[in-house]
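In what follows, a single structure is set out as structure tokens and then discussed.
Computed from the coordinates by the stated procedures, all read-outs in this text should not be read as laboratory data. On a predicted model such as this, the values are computed, not experimentally measured, just so you know. Backbone-built Cβ (ideal geometry, glycine too); neighbour counts: all protein chains shown.
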Amino acid sequence: MPAPKRGKADGEGQANSNNGAAHLFGEIANRTSQAAGRGLTFLMAAGVVLIWALSGPIFHYSDTWQLVINTGTTIVTFLMVFLIQNSQNRDSAAIQVKLDELIRVSTAHNSFVGIEHLSDDELEEIRTKCERRAQAEKAGEESVERTGKKAKLAADRVTG
């Protein structure tokens, strides 16, 4: 006897469509940010501005002529904010995963994995503790170095 078909739980269909929308946005953002960073894209944008500037005399430098470039650049800037933020979020998440993996496989403290989810005050407290620990280690290394120099001088006196 075949198993009964299960219906979607409340909100499950919406979660899938939101996931699809997020995936679609991610794909569009990724491709657009890749294209926006190319030299050819810059040259095309510079060409548009040049054509607009050269068309000024044809349109008698009218308000509408000025409005075209202002509106165009405003729209592009507005959309690029979201693309840049998406790129930074993706890059930051990827770097965080890589750092977490390095911490996991090294002798570093595994307790640092996931600290990006802490509050600013908690992160500041950890940063302060790490700085103190680094200063203490540096002082210890300097002490060992001084002791090593003294031991070498003493050995030189005995053998020399």
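Under 19 Å from the 7 Å Cα→Cβ point of PHE82, by amide nitrogen: which residues of the range 17-38? Taking a point 7 Å out along Cα→Cβ of PHE82, the residues of the range 17-38 whose backbone N falls under 19 Å are 17-37.
Compared with the dominant Cα axis of the chain, that is its longest principal axis, helix 120-159 is turned about 40°. In this label model, LEU54 and ASN30 are separated by 3.8 nm, measuring between points 7 Å along each Cα→Cβ vector. Computed extension gain for GLU124 through LYS98, at 0.36 nm per residue and net of the alpha carbon distance, reaches 7.2 nm. GNM remark for the chain: springs join alpha carbons under 10 Å apart, and the peak mean-square fluctuation among ALA108, ALA136, ALA94 falls on ALA136. When the chain is treated as a GNM with alpha-carbon contacts under 10 Å, the residue of LYS149, LYS138, LYS129 showing the greatest mean-square fluctuation is LYS149.
Label reach from ILE75 (point 7 Å along Cα→C-beta): in the range 33-54, amide nitrogens under 16 Å belong to 45, 48-49, 52.
How much length would be gained if the chain were fully extended between SER111 and ALA154, taking 0.36 nm per residue of separation minus their Cα-Cα distance, in nm to one decimal? Intermediate values should be presented prior to the final figure.
Details: separation 43, 0.36 × 43 = 15.48 nm, distance 4.35 nm.
Answer, rounded to one decimal: 11.1 nm.
With the largest listed first and rounded to whole Å, the semi-axes of the equivalent ellipsoid of the range 14-115 from the Cα gyration tensor are 43, 17, 11. The dipole here belongs to the range 27-145: it is taken about the Cα centre, uses +1 on the Cβ of Lys and Arg and -1 on the Cβ of Asp and Glu, and is about 620 debye. Over the residues of the chain, the helix contribution to mean residue ellipticity at 222 nm works out to -28000 deg cm²/dmol, using -39500 (n - 2.57) for each DSSP H run of at least 4. Each of GLY39, PRO57, THR74 was scored by the projection of its Cα onto the charge dipole of the chain, and the greatest displacement toward the positive side belongs to GLY39; charges sit on the C-beta of Lys, Arg, Asp and Glu.
Take the alpha-carbon positions of the range 82-160, form their convex hull, and give its projected area averaged over all directions (one quarter of the hull surface) in nm². Intermediate results must be reported in sequence, preceding the final value.
On the way: hull surface 33.7 nm².
If I average the Cα hull's projected area over directions, I get 8.4 nm².
Take the chain, connect every pair of alpha-carbon atoms lying under 10 Å apart with a spring to form a Gaussian network, then pick out the residue of ALA36, ALA93, ALA134 with the largest mean-square fluctuation. The residue with the greatest mean-square fluctuation here is ALA134. By the Cα gyration tensor, the range 118-160 has an equivalent ellipsoid whose semi-axes, rounded to whole angstrom, run 41, 4, 4 from largest to smallest.
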